[in-house]
Amino acid sequence: MKNVVPYVNEEVSGRDFKYYIFDWDDNILHMPTKILMEHLEDDGTWKPVELSTASFALVRSDHRHYRPPSDGGWRAAFRNFADPEKAGEKNKFIEDTMTALARVSAGEKPSPSYSTFKKTLVEGRIFAIVTARGHAPETIERAVRLFIENALTPLERETMMSNLRGYRRWLDKVETFGTDEDELNYYLGMCRYSAVTYDGFKERMANDPVYREKLATATTASRPELAKEFAIRDFVEHVFHMLQRTGGLGRSVAIGFSDDDKGNVKSVSNYIRSELARRFDGIKFVVYDTSDRSLSKGRKVCVSGQMNLPGF
Ligand SMILES: [Mg+2]
């Protein structure tokens, strides 16, 4: 078949503005990352065990039989969910992403938002990854690059580049394009990668006047939810400023959020209704609950805002 992908897809200028916020684990990919715990044996000794996130969720409150490693505590338990502490050590997130991608290539059923994430990339739309993990933004961006290299076909990658150039010409008035690598770097640099237990993220949140106050009165249990809120607000503001700069605010704008954790879905929906939808009243917000693996794209649980876009 003749190659029909244009070098610059001018048609992107006719599109609505749609952006997405994705949780990573069990939403984009089923990651094999294990939590390191200790289990009380019949003979009274504690033995190290590795638990999947699903098993951990079942035993986490069984304090009689499970405890975090005596050497290192909770930080050690979640060591594989953060970047290595010493330079030169292998990064588990990158390794696990490769494993998860290989399983999908081998025919395993992908996570509910896998295909939406893929489509987002092929269409060249800006997105955010918001995860409870503790990685640096650069680590998550590396994982996204692996996704592009492995989950997209060569034709899909070419389509993505054509769309990226289309947006650059339309919104940034670019006429002379860089190499594919330059243009991909530019695009991925516009996206946001927030791992909310990463020290740099926590610091940024603690330095924000509004969230410093919210954190001061928050219970320990509600802190992770606050952190996701902060990451979402950050992305929505980023999108808003970008649209303001490029004069795109006259069109319909929609932002989707997907997560497989029901607690997050609930708290983010509340946050959107009570704050974001009021502050950004021209933006439509859509939340997807992807906890039910039998549904291919999750369940739409919250829609807020004025616009009514077909296809969302
Ligand atoms: Mg998840």
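What follows draws every value from the coordinates through simple rules; no lab data is involved. Since the model is a prediction, treat every value here as computed from it, not as a measurement. Note: ideal-geometry Cβ built from the backbone for every residue, glycine included; neighbour counts use all protein chains shown.
Quick one: divide the alpha-carbon radius of gyration of the chain by 2.2 N^0.38 Å and tell me what you get. Each step should come with its number before you reach the end.
Working: Rg = 20.7 Å, N = 312, 2.2 N^0.38 = 19.5 Å.
Relative to the rule-of-thumb radius for its length, the chain sits at 1.06.
Can you tell me, using C-alpha contacts under 8 Å and at least 6 residues apart, the relative contact order of segment 35-81 as a whole percent?
45 percent
Among His238, His65, His135, what is the fewest-to-most ranking by other Cβ atoms within 10 Å?
Working: His238 16, His65 12, His135 26.
By the 10 Å Cβ count, ascending, the order reads His65, His238, His135.
Could the peptides 56-63, 166-173 be put in order, highest first, of the mean number of other beta-carbon atoms found within 10 Å of their residues?
Numbers: 56-63: 11.6, 166-173: 16.9.
So the peptides 56-63, 166-173, ranked by packing, come out 166-173, 56-63.
Taking amide hydrogens as modeled 1.01 Å from N in the peptide plane, which residues meet the under 5 Å criterion relative to Tyr193, leaving out close sequence neighbours?
Close amide H contacts, sequence-distant or interchain: Ile129.
If the elastic network links every pair of Cα atoms under 10 Å, which of Thr179, Thr290, Thr99 fluctuates the most in the Gaussian network model of the chain?
Thr179
Per-residue ellipticity at 222 nm for the chain, helices alone: DSSP H runs ≥ 4 residues times -39500 (n - 2.57), over residue total, nearest 500 deg cm²/dmol? Show your work: numbers first, answer last.
On the way: 11 runs with 132 residues, N = 312.
Calculated from helices alone, the mean residue ellipticity at 222 nm is -13000 deg cm²/dmol.
Cα-based Rg of segment 35-81 per 2.2 N^0.38 Å, rounded to two decimals?
1.05
Rounded to the nearest 20 debye, what is the charge dipole size of the chain about its Cα centre when +1 sits on each Lys and Arg Cβ and -1 on each Asp and Glu Cβ?
It comes to approximately 900 debye.
At a 10 angstrom cut-off on C-beta neighbours, averaged per residue, how do the peptides 25-34, 43-52, 184-193, 8-17 rank from highest to lowest?
Sorting 25-34, 43-52, 184-193, 8-17 by mean packing, highest first, produces 25-34, 184-193, 8-17, 43-52.
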